[in-house]
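Worksheet: one structure, shown below.
The values are calculated or read from the model by the stated rules, or taken from the named source; none is laboratory data. This structure is a prediction, so every number in the text was calculated from the model and none was measured. Glycine gets a Cβ as well: all are built from the backbone with ideal geometry, and neighbour counts include every protein chain shown. Please note that ligands, DNA and RNA were not included when accessible areas were found on the heavy atoms of the full protein model with its side chains. Shrake-Rupley method; radii C 1.70, N 1.55, O 1.52, S 1.80 Å.
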Amino acid sequence: MPSRSPLPPPPPPVEIRTWPDRDALLRDRAVVLGELVKMFIGPTRLGILWMWAGIAALGWSLVGSAFLMFEDAYDSLGVIPGVICLAAGAAVLIPAGALLAVGVARDLRVHRLLVAWGGLDRDPVGDVPLRRPRASLAWLLLSFTLCAAGLFACVGVPGTARAGQETYGLVAWLMGLGFLAWLTGLTGIVKAFAHRRWVLRVLVGAPTGPPVTVDG
């Protein structure tokens, strides 16, 4: 998600590449790819994703509390606390949602850079640390659990409302939390599969870039 670390530039076009030899190219490629992999699927990225999702859930909880206050209000004065809670929830939810969207857009740019730099050449031995199978598996399992819990909330909660066990405000609140959990989990699942696909197609498969140009 959002980060202050600047992204590395894309690899230079073949016409202006100045690596003296293949070893120099592989060294630069390894450094850049190492940073990009950390930015894309490092363990801190999962924590940042869940942090912003948690802040968004806090904002939606305030909005849901406002819905409950509106249901319990008996006069116009009783609506005022709900309006205040609704405004506070929107003030938390909207920036958190915007930052989540910014983080997803940044992840797309990181993935494009991974493809570009990884496609310069192949280094079967040096690329082993970039595969990160444990990290991608952790992303997949944790995200799948969160996604399943969110989907269950979105599907199961309306049934309790139809049975008369919950109020509509409470149903809207729980479904909103479930949707946020589902969306966060889905984002993590997509990233885990995208990293694995990059490993198989770029690191393990044939190089996709043009041949290396060496001075001299």
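Figures for the structure shown
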| read-out | value |
| --- | --- |
| Efficiency of FRET from Cβ geometry, Leu58 and Arg112, R₀ 30 Å, rounded to 0.05 | 0.40 |
| Heavy atoms of Met51 accessible to a 1.4 Å probe, total area in Å² rounded to 10 | 100 |
| Between 0 and 90°, nearest 10: helix 22-41 axis offset from the chain longest Cα axis | 10 |
| The chain: most fluctuating residue of Ile41, Ile16, Ile84 per GNM, C-alpha cutoff 10 Å | Ile16 |
| Vicinal HN-Hα couplings computed from phi for segment 50-55 (Karplus, 6.51 cos²θ - 1.76 cosθ + 1.60; Hz; Gly/Pro x) | 5, 5, 5, 5, x, 5 |
| Linear extension gain, Tyr74 paired with Val104, 0.36 nm per residue minus alpha-carbon span | 6.5 nm |
| Cα-projected label distance for Ala148 with Ile84, points at 7 Å along beta-carbon direction, nm | 4.3 |
| With every protein chain in place, segment 1-51: carbon and sulfur % of accessible area (1.4 Å) | 64 |
| Label-to-label distance, nm, for residues given as Tyr168 and Leu7 (7 Å Cα→Cβ offset) | 4.4 |
| Stretch gain in nm, segment Ala138-Arg22, where the contour uses 0.36 nm per residue and the Cα spacing is subtracted | 38.3 nm |
| Calculated [θ] (222 nm, deg cm²/dmol) that DSSP helices of n ≥ 4 give over the chain, each run adding -39,500 (n - 2.57) | -26000 deg cm²/dmol |
